[in-house]
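Working notes for the structure below.
Just so you know, all these numbers are worked out from the coordinates, no wet-lab data involved. Because the structure is predicted, anything quoted here is derived from the model rather than measured. Every residue, glycine among them, receives a Cβ derived from its backbone with ideal geometry; neighbour counts consider all protein chains shown.
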Amino acid sequence: MITLAAIDDDRMLLTGLRAWLGPVEGIELTATAATVDEYLDAGPAPADVVLLDLNLRDGSTPATNVARLLDIGAAVLVVSTIPDAEHVLATIEAGAAGYVTKDNDLPALVSAIRDVAAGGTAVSPELAFVLSTDRRPGRPRLSAQESLVLRMYASGATLQATARRAGVAYGTAREYLERVKRKYTEAGRPTRTKLDLVERAREDRLELDGLGPLSWPAAPFWSRRHRRLGPAGLGTRRGLASGRVQT
């Protein structure tokens with residue numbers, strides 16, 4: 001049984017969440033609170049997963065909220081109505097295991113909760129978009145092909161298999177990986193081996209081959225009064241040895 005806590009200052013939403021999750025097997029909502037302070041002060045046994053609203057009205061900092069919950073041993077899944085890129089990135093860097101918007105449907109939310117409880121990550125379309133458009137100095141700008149080859153190679157494929165699946169020549173795939181190493185190193189994150197590449201993919205929450213993002217929902221699991229956001233953009237109404245490449 002996965003124990004779940006939810007922290008959100010919308011009391012009606014918390015009531016609805018309890019009703020929605022009631023019939024779901026294997027997940028039990030054990031605590032709700034309007035703030036992290038309220039949740040911690042109540043002193044419940046830490047839930048396996050805490051569903052945390054990104055922007056609480058008590059003035060708390062999203063990244064700090066994540067860190068405080070991690071300190072008690074909970075995994076954190078962040079949710080919000082609007083994907084505020086700056087704060088979403090801050091919570092992921094603070095250790096949150098995933099992010100979803102409140103207009104995902106119930107199966108998507110349940111899938112994300114189970115992934116996080118199992119020690120994985122929940123990479124929703126919104127989080128994938130925020131990560132892919134991160135242009136801070138520490139995050140190199142990879143081309144679409146460089147990113148594709150990195151993700152396939154970091155997932156455990158050999159270079160030969162990566163080249164075949166990416167539809168490029170072996171030498172081209174090798175050159176893409178060398179460019180990726182260079183770009184990360186120039187960004188202040190030295191990358192020389194396959195283990196380094198795997199670590200960079202994990203740090204940047206790049207979608208690894210075979211671990212696709214959550215499917216886009218048909219209907220919101222949260223209140224229908226929230227506007228819908230499409231996965232392709234923010235604010236629209238439509239919406240992770242040697243320096244030689246291993247072969």
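For this structure, a couple of remarks:
- Extension gain, residue 71 to residue 169: 0.36 nm times the residue separation minus the Cα-Cα distance gives 30.6 nm.
- Each Lys and Arg Cβ is given +1 and each Asp and Glu Cβ -1; about its Cα centre, segment 2-132 then shows a dipole of about 180 debye.
- Across segment 144-203, the mean sequence separation of Cα contacts (distance under 8 Å, 6 or more residues apart), normalised by length, yields a relative contact order of 34 percent.
- Amide N proximity, segment 10-30 versus residue 42 label position 7 Å along Cα-to-Cβ, cut-off under 14 Å: 10-19, 28-30
- Shown in residue order for segment 86-91 are the 3J(HN,Hα) couplings computed by the Karplus curve 6.51 cos²θ - 1.76 cosθ + 1.60 at θ = phi - 60°: 4, 6, 4, 4, 5, 6 Hz (x for Gly and Pro).
- Measuring nothing but alpha carbons in segment 1-43 and taking Rh as the Kirkwood radius, the Rg to Rh ratio lands at 0.98.
- Extension gain, residue 86-residue 61: 0.36 nm per intervening residue step, less the Cα-Cα distance, totals 7.8 nm.
- Least to most buried among 71, 196, 53 (fewest other Cβ within 10 Å first): 71, 196, 53
- Our coupling estimate for segment 10-26, obtained by passing each phi through the Karplus curve with A = 6.51, B = -1.76, C = 1.60 and θ = phi - 60°, is 9, 5, 5, 4, 5, 5, x, 4, 4, 5, 5, 7, x, x, 6, 6, x Hz, Gly and Pro reported as x.
- log10 of Debye I(q)/I(0), alpha-carbon scatterers only, for segment 144-203 at 0.15 Å⁻¹: -0.36
- Average Cα contact separation per residue, segment 45-176, under 8 Å, 6 or more apart, as relative contact order %: 18 percent
- DSSP-loop GluC sites (Glu not before Pro) across segment 27-124, with at most 10 other Cβ within 10 angstrom: none
- Cα shape, segment 2-132, gyration tensor, a/c 1.5 rule: rounded
- Going from the fewest other Cβ atoms within 10 Å to the most, the residues 195, 56 appear in the order 195, 56.
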